[in-house]
Amino acid sequence: MEFNPDIQEENEESLNEGSRLPSAVSPLTFVSPTEEELPSRDLVAPKDLPPEGVIKRSRKAAHAKMLRSEMLFRISLMGGGLLVMGLFLTVLGVSVVKAWPSITRFGWAFLWTSTWNPHKQIFGAWTYLVGTFWVTGISLVVAIPVAILSALFLSDYSPKWLTGIVSTLIEMLAGIPSIVFGAFGIIFMVPLLRDHVEPFLADTLGKRWDFFNGDAMGYGILAAGLVVGIMVIPLVATVTRDSLVMVPRETVEASYALGSTKAEMVFFVKLPAVVPGIIGSVILGFGRAIGETMAVLLLIGNQASIPTSIQDVGYTISSLLANTFTYAVIDPLFSAAEIELGLILLVISLVVNTVGRELLLKLMGGRLAGSVGGG
Amino acid sequence: MLPAKGLSPYRRFRNAILGILTGIAFVLAVTPLLAIIYIAYDRGKNALSLSFITSMPSGFPVGIEGGIANGIVGSLILIMLASLLSVPVGVWAGLYLWDQAHTGFAKATRLLSDLLLGVPSVIWGVVGYYVFSTNTGFGFHWGFSGLAAGLTLGFIMIPIVTRVTEQALRDVPRSYIEGALALGASRFQVVRGLAVPAAITGIGTGVLLGVLNVLGQTAPLVFTNYYNTGIPHSLVGSNGSVGDLAMQIFIYIHEPSKALHVKAMAAALVLTVIVLLLDMGIRLLAWGSRKYAQRMG
């Protein structure tokens, strides 16, 4: 920028005159508006004001109108809530009403009767309850240690650059549909078990305990349990990881300050601190495993017998329903018995999910990804 | 006397062993999941081609030749129907739970909505059958049809959309809402002009999450739709069934036919890829909106 001597001089002159403002700025002026420029008086205020009472009343009316519309909006919002409630009541209502013939006919004995004979009209849940708990049990025995240890890996042991990638990976793999797991089981797991694992089990452990002996069919509770276990691992691992990272830094640092190694810190401080979280995640995993349908249906062998060995075939509640419900509807008692089985499954899932969720919500303050039971 | 320097060998061993164990467990957890994708590719690669996606199944048993176009079209129809039901209802209920969070009725609704998240999919199938498909008693009497299945899947999506919508709305800063209310905006104006636009990415994420959950559902379809080897002309009535990718995999893998198994694995790969892409989209959306929120302060 060039220096302009003229302005400099001008400014100096004005300073000399005693004015603090440069001459270019005109002094502020205020010209009052003319009569035409003013808004008409009628617009500004009516000449004859209505009496005080009228104003008050109109204000009150406007206020009431506003309140009414607010109320209306709130009530219309409530419709959404009512629909969700209605949906829940539909689920519960359909299950109870359609299961009623069986409930009244068999009573509590339904739970521990192991006969299931549509021709003689005798139905009992025991076989399917046992099958369901075998599959769920095997899957959890497989999944829990692996899931908790890999959650520890994700929260504490993995190098920083890897954590984000592998966490995302395991979360994404949790979304693989269960029918794909079922197909994987038939293509890969069943031949593997049939040709290698089950003969091996029979040769080693089976020599001492009959529990591990069997026909080495490939299909059965072991195949179903393993595949469901694989399916449950990402869920349990992610939720456990989420509660592990919530442990306060101070706790961890205090433990280090007392001289513990990393393993001691993790094992004696971190894990005990998140026991509710781990229990919650295991319960959620249980809820997912127990409702699992298609993968189990493809792998368990679908034979209504109580498994006595780990190589046996069996039947679960959900796979029975998916397999036979469409021809059970012809006979009202048959279908009612099946729906009563479904009702048992529903009650177990609801209780399990509520308990797991409550435990986790208490620990993590409200943030929990939704998970739907099975597919 | 000072203690010996460093850790005792036992503690050092213990320290190492836990680290190694977690690493092994992690590999054990991830390997089968990746193996599923690899095996689906390995066993299905002979069937994979572009025409596999675009052609209808043919041959006998149906599916031995041709592709999975019926399944893809059917899945799209089902997802569309499910979204048509669940997005309005879910967002509506989510708005309600957010707006009147502390009333007793809302608390009860939230509890029931969360309970619905845990309902097993066979139960949804039974409910869908008695509400939509059955031919006797109460219900819509639509038979095994695309509409019945789509709305049943919509039932499954409703609690998911509700939950995520409420969460997204809660993430809108309270001060914005209170500011707008203090300026005299009505609740409707706040919801329409402020809360929903601010939470729209969250709501979108929720809808996609619901779609993701519904996409692989097979059990409800066994009760309400079953399967169609072609593309239906109507969505209601005795020939209203649609094809579906998950159902197609189930039916193919259920046959002891090598050729069908190849097709099933190829279809499983397609389904898995779609699901994983959708999942990635959700993550990108959530990540993008977080970035955006950070920039906006």
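The values are calculated or read from the model by the stated rules, or taken from the named source; none is laboratory data. Just so you know, these numbers come straight off a predicted model, no measurement behind them. As a convention, Cβ positions derive from the backbone with ideal geometry for all residues, glycine included, and neighbour counts pool all protein chains shown.
Just for segment A:251-279: of the residues that are among the small types (G, A, S) and assigned to a helix (DSSP H, G or I), which one is surrounded by the fewest Cβ atoms within 10 Å (Cβ to Cβ)?
By that ranking, first place goes to A:A257.
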What is the one condition in (1) at pLDDT below 90; (2) part of a helix (DSSP H, G or I); (3) closer than 30 Å to A:L222 by Cβ that A:G375 does not satisfy?
(2)
B:S75 surrounded by 21 or more Cβ atoms within 10 Å (Cβ to Cβ) and part of a helix (DSSP H, G or I)
yes
Residue check: is A:L140 more than 11 Å from chain B (Cβ to nearest Cβ), within 13 Å of A:I233 (Cα to Cα) and touching a residue at least 12 places away in the same chain (Cβ under 8 Å)?
yes
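I'd like to know if segment B:100-108 contains one or more residues that are facing chain A (nearest Cβ under 7 Å), hydrophobic (A, V, I, L, M, F, W, C), out of contact with any strand residue (DSSP E or B) (no Cβ under 8 Å at 6 or more places or on another chain) and surrounded by fewer than 20 Cβ atoms within 10 Å (Cβ to Cβ).
yes
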Subset of segment B:245-291 that is hydroxyl-bearing (S, T, Y) and assigned to a helix (DSSP H, G or I) - its residue that is farthest from the other protein chains (Cβ to nearest Cβ):
B:S289
Single match in A:A223, A:A216 (criterion: surrounded by 24 or more Cβ atoms within 10 Å (Cβ to Cβ), under 30 Å from B:G44 (Cβ atoms), in contact (Cβ under 8 Å) with a residue 40 or more places away in the chain and of a type outside the set (F, W, Y))
A:A223
With the requirement that a residue be out of contact with any Phe, Trp or Tyr (no Cβ under 8 Å at 6 or more places or on another chain) and either farther than 13 Å from B:S113 by Cα or modelled with pLDDT under 90 (or both), what does segment A:71-91 give you?
A:M71, A:L72, A:R74, A:I75, A:S76
For A:S95, indicate whether it is in a helix (DSSP H, G or I), within 12 Å of chain B (Cβ to nearest Cβ) and touching a Gly at 6+ places or on another chain (Cβ under 7 Å).
yes
All but one of (1) within 26 Å of B:M157 (Cβ to Cβ); (2) modelled with pLDDT under 90 hold for A:L321, so report the exception by its number.
(2)
Considering each of A:I148, A:I144, A:I170 in turn, give the residue that is within 21 Å of B:I36 (Cβ to Cβ) and out of contact with any Pro (no Cβ under 7 Å at 6 or more places or on another chain).
A:I144
Suppose we keep only residues that are buried (at least 19 other Cβ atoms within 10 Å of the Cβ) and not aliphatic (A, V, I, L, M) within segment A:89-112. Which one would you say is farthest from B:E166 (Cα to Cα)?
A:F106
Taking segment B:159-179, which residues are surrounded by 24 or more Cβ atoms within 10 Å (Cβ to Cβ) and over 12 Å from B:S83 (Cβ atoms)?
B:P159, B:T162, B:R163, B:V164, B:T165, B:E166, B:A168
When restricted to A:G314, A:G285, the only residue part of a loop (DSSP other than H, G, I, E, B), more than 11 Å from every other protein chain (Cβ to nearest Cβ) and at pLDDT 90 or above is A:G314
Which of the numbered conditions does B:I156 fail, given that it passes all the others? Conditions: (1) surrounded by fewer than 24 Cβ atoms within 10 Å (Cβ to Cβ); (2) closer than 30 Å to A:L92 by Cβ; (3) of a type in the set (V, I, T).
(1)
